[in-house]
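Below is one structure, written out as structure tokens; the observations come after it.
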Amino acid sequence: MTPRKAEIVGVAGHLFAERGYQAASLRDIGSVAGMRRGSLYAHFASKEEILRLVLEPALAELAGLLDAALGDTDPAGEDGAVAVERAVRDAVATCVRRRDALLILLQDRRVLADSDSLQDLSEE
């Protein structure tokens, strides 16, 4: 992803989290990113694509933490309680770092469930 595209995805993620996916328009995203709405189509095919790019990294990071916790066979010599504490701490840190994505997932769950192109994210 180019730096400009990543910047636009960041702006969109913040607006989706702040206003809700439905209420944050492409015009709003373009305005905050310093470009016209139509120019967004040079970078993205749709608003749903932008939403996907906001959510996928957070979901992948959380899935990776879950996989690591489930597959952890005590490589650090930790007892179970320490391993669980570490897993929870890492998950909370990810949620804080990926705040916008988590807010979107909580607020706009229905949008994901109702969209054919985003249903895989809803299931994840």
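The values are calculated or read from the model by the stated rules, or taken from the named source; none is laboratory data. Worth saying up front: this structure is predicted, and the values here are computed from it rather than measured. Note: areas computed on protein heavy atoms with side chains; ligands, DNA, RNA excluded. Shrake-Rupley method; radii C 1.70, N 1.55, O 1.52, S 1.80 Å.
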_Rounded, prolate or oblate, given the Cα gyration tensor of the chain, with a/c below 1.5 counting as rounded?_
prolate
*Mind checking the per residue accessible area of the stretch 1-88 for me, 1.4 Å probe, whole number of Å²?*
57
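Only helical DSSP H runs with n ≥ 4 go in: add -39500 (n - 2.57) per run for the chain, normalise by residue count and round the 222 nm mean residue ellipticity to 500 deg cm²/dmol. Walk me through the numbers on the way to the answer.
Working: 8 runs with 92 residues, N = 124.
Estimated from H runs of four or more residues: -23000 deg cm²/dmol.
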*Quick one: with all protein chains in place, what share of the accessible area of the chain is carbon or sulfur, to the nearest percent (1.4 Å probe)?*
55
